[in-house]
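A.B. asks: The structure's right below; bear with me while I get my questions together.
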Amino acid sequence: MIGYKDGEVMTREQFGVLVKGMKAVYGDPKFIPDKDAFDVWFSFFADEDYMVVQGAIQKYMATNEYPPTVAGIRKILAQMTTVDDGMSEGYAWSLVYKAICNANYGAQKEFDSLPEVCQIAVGRPENLREWAMLDSQEVGTVIHSNFLRSFRNAKKRQDELAALPCQMREQILKITSATHTPMIDKGGDIDG
């Protein structure tokens, strides 16, 4: 390893070693053919840990017969570096339903106790309180259905964000938090 210290971001030289390895495996002269292509590729991995990128590239090369794309390697990186909480839609709904049942007297506390992905799908504490005032049939059908749709979207968005380079992810989070957070309104419709 070229001057690697655990926890440090990858250097251009280290990425160059990884590119040489990919070129040796795939033998395609069009794959990262020049300095400009190298610079573009490096920009997508510059903020990552060398050992993690090396592992993702090795996994890619061991399982794919075609040269990688940035997206292909980033997808593996995301799988390697994110913890899948294994939360099913049913379990997520059970947590939210319990929060709804207790929301008349503590919507903020109930909202704060939800996992982040559920908070994103719910939108805001006031939604819990408003849903608590609806009849149980409407909560069990309309709100449930719309929550599941919002939950799927929230999980998908989290997975997509996890696949992005750190700086890009931070920029997107800054922009989206400053503008609008999708949520379900009291009638169960998604406001997105």
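A.B. asks: Taking region 55-68 as the search range and keeping residues that are closer than 11 Å to M22 by Cα and outside any helix (DSSP H, G or I), which one is most open to solvent (accessible area, probe 1.4 Å)?
C.D. replies: Only one residue fits best here, namely Y66.
A.B. asks: Enumerate the pairs (first residue in region 99-123 and farther than 17 Å from A154 by Cα; second residue anywhere and part of a helix (DSSP H, G or I) and open to solvent by 80 Å² or more (accessible area, probe 1.4 Å)) with beta-carbon separation below 6 Å, excluding pairs fewer than 6 apart on the same chain, so at least 6 apart or on different chains.
C.D. replies: Filtered contacts from region 99-123: A103/R129; A107/R129.
A.B. asks: Which residues, taken from region 103-155, are among the small types (G, A, S) and open to solvent by 50 Å² or more (accessible area, probe 1.4 Å)? Show your work before the answer.
C.D. replies: First, the residues of region 103-155 that are among the small types (G, A, S): 103, 106-107, 113, 121, 123, 132, 136, 140, 145, 150, 154.
Selection gives S113, S136, S145.
A.B. asks: Turning to a different aspect of this structure: So, in region 156-165, exactly how many residues are surrounded by 15 or more Cβ atoms within 10 Å (Cβ to Cβ) and either free of Cβ contacts under 8 Å to residues at least 12 places away in the same chain or of a type in the set (K, R) (or both)?
C.D. replies: Total meeting the criteria: 1.
A.B. asks: Quick one: which helices (runs of 4 or more DSSP H) sit completely within region 70-139 and have at least 2 residues that are of a type in the set (G, A, S)?
C.D. replies: 70-81, 89-101, 107-113
The values are calculated or read from the model by the stated rules, or taken from the named source; none is laboratory data. Just so we're clear, the structure is a prediction, and the values are computed from it rather than from any experiment. Neighbour counts run over all protein chains shown; Cβ positions are idealised from the backbone, glycine included. What goes into the accessible areas is simple: the full protein's heavy atoms, side chains included, and nothing from ligands, DNA or RNA. Shrake-Rupley method; radii C 1.70, N 1.55, O 1.52, S 1.80 Å.
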